[in-house]
Amino acid sequence: MLTEKPYSRNNKKVNIKILSKNYRSCKKIVDLANYFAELRSSYIGNLGSDDYKEIAIQKDGEVNLTGINLPLLEKAQNDANTAIVVSDTKTKAELLEQLNNKHRVFSIQEIKGLEYSNIICYNLSSTYKSQWEKIFSKATKHDQKYRKYFNIFYVGITRAQENLIIMESNIENNKVLKELHNFLTPNNNINITK
């Protein structure tokens, strides 16, 4: 289903069509992404237009939460249907130092536009713990420079088609995970193969 949003640019009326059905990701991932977009709007505000909600077409899939698990990351690198997403090139370099294989680990900038059946989001919130604490203290309302942290997390979670694994070093005192707890299934026994 396409939604039309009229607006004018240079005194010309232009209609933008927005695809509202998500054919890529499973329902649990789409629900998480929609809720996260609501959080972004609530804590940061929007850029002059409301975020839209997508409707999931795919049904099956999981959203799991686990602590850092290097054997799982090693196994994931041998699965062509799985990618590991990190927040930035510094975190990527640090992680690659710990792993035997050096492939299918992407920064947020590298993963944009790509999708995999299974995505492991590695420390997307723990990396920016102090920034998230400031955001959730409501001290950043309408400060668009903090939008970046929402966008990093949003891009990471929306690359998954079927299974999303959020792997964080800081689970207990993680403000993002506390906000998303209704969408996350704690699981320390994750199997990424079908």
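The values are calculated or read from the model by the stated rules, or taken from the named source; none is laboratory data. These figures come from a predicted structure and were not determined experimentally. Every residue, glycine among them, receives a Cβ derived from its backbone with ideal geometry; neighbour counts consider all protein chains shown. In case anyone asks, the SASA skips ligands and DNA or RNA and just uses the protein heavy atoms, side chains included. Shrake-Rupley method; radii C 1.70, N 1.55, O 1.52, S 1.80 Å.
Determine whether segment 103-119 contains at least one residue that is outside any loop (DSSP other than H, G, I, E, B), free of Cβ contacts under 8 Å to residues at least 40 places away in the same chain, within 13 Å of Ile166 (Cα to Cα) and out of contact with any Asp or Glu (no Cβ under 9 Å at 6 or more places or on another chain). Talk me through it step by step, then tell me what you get.
Our first condition is that a residue be outside any loop (DSSP other than H, G, I, E, B); within segment 103-119, this holds for 105-111, 116-119.
Next, from what is left, pick out any that are free of Cβ contacts under 8 Å to residues at least 40 places away in the same chain: 105-107, 109-110.
This time we only want the ones that are within 13 Å of Ile166 (Cα to Cα), so: none.
Scanning segment 103-119 turns up no residue that is outside any loop (DSSP other than H, G, I, E, B), free of Cβ contacts under 8 Å to residues at least 40 places away in the same chain, within 13 Å of Ile166 (Cα to Cα) and out of contact with any Asp or Glu (no Cβ under 9 Å at 6 or more places or on another chain).
Of all residue pairs spaced 6 or more apart or on separate chains, those with beta-carbon atoms under 8 Å, a first member in segment 171-194 that is under 16 Å from Ile120 (Cβ atoms) and at pLDDT 95 or above and a second member that is surrounded by 11 or more Cβ atoms within 10 Å (Cβ to Cβ) and of a type in the set (Asp, Glu) are Leu177/Glu168.
Residues that are open to solvent by less than 10 Å² (accessible area, probe 1.4 Å), out of contact with any Gly (no Cβ under 7 Å at 6 or more places or on another chain) and not in a helix (DSSP H, G or I) within segment 26-47 comprise Ile44, Gly45, listed in sequence order. Considering only segment 128-178, state which residues are assigned to a strand (DSSP E or B) and acidic (Asp, Glu). Across segment 128-178, the qualifying residue is only Glu162.
Within the bounds of segment 87-101, is there any residue that is in a loop (DSSP other than H, G, I, E, B), open to solvent by 70 Å² or more (accessible area, probe 1.4 Å) and farther than 20 Å from Phe36 by Cα?
Going residue by residue through segment 87-101, those that are in a loop (DSSP other than H, G, I, E, B) are 87-88, 99-101.
From what's left, open to solvent by 70 Å² or more (accessible area, probe 1.4 Å): 100.
Within this subset, residues satisfying the condition of being farther than 20 Å from Phe36 by Cα are 100.
Yes, because at least one residue in segment 87-101 is in a loop (DSSP other than H, G, I, E, B), open to solvent by 70 Å² or more (accessible area, probe 1.4 Å) and farther than 20 Å from Phe36 by Cα.
Could we say that Leu124 is part of a loop (DSSP other than H, G, I, E, B) and open to solvent by 20 Å² or more (accessible area, probe 1.4 Å) here? Step through it out loud before you land on a result.
Working: part of a loop (DSSP other than H, G, I, E, B): yes; open to solvent by 20 Å² or more (accessible area, probe 1.4 Å): no.
Judged against the criteria, Leu124 is not a match.
Any residue at all in segment 156-170 that is of a type in the set (A, V, I, L, M, F, W, C) and either out of contact with any Cys (no Cβ under 9 Å at 6 or more places or on another chain) or farther than 22 Å from Ile29 by Cα (or both)? Spell out the reasoning first.
Initial filter on segment 156-170 (of a type in the set (A, V, I, L, M, F, W, C)): 157, 160, 164-167.
Of the ones still in play, those that are also either out of contact with any Cys (no Cβ under 9 Å at 6 or more places or on another chain) or farther than 22 Å from Ile29 by Cα (or both) are none.
No, segment 156-170 has no match at all.
Being at pLDDT below 95, open to solvent by 80 Å² or more (accessible area, probe 1.4 Å), within 16 Å of the chain's Cα centre (by Cα) and not hydrophobic (A, V, I, L, M, F, W, C) holds for only one residue in Lys134, Lys141, Lys148, and it is Lys148.
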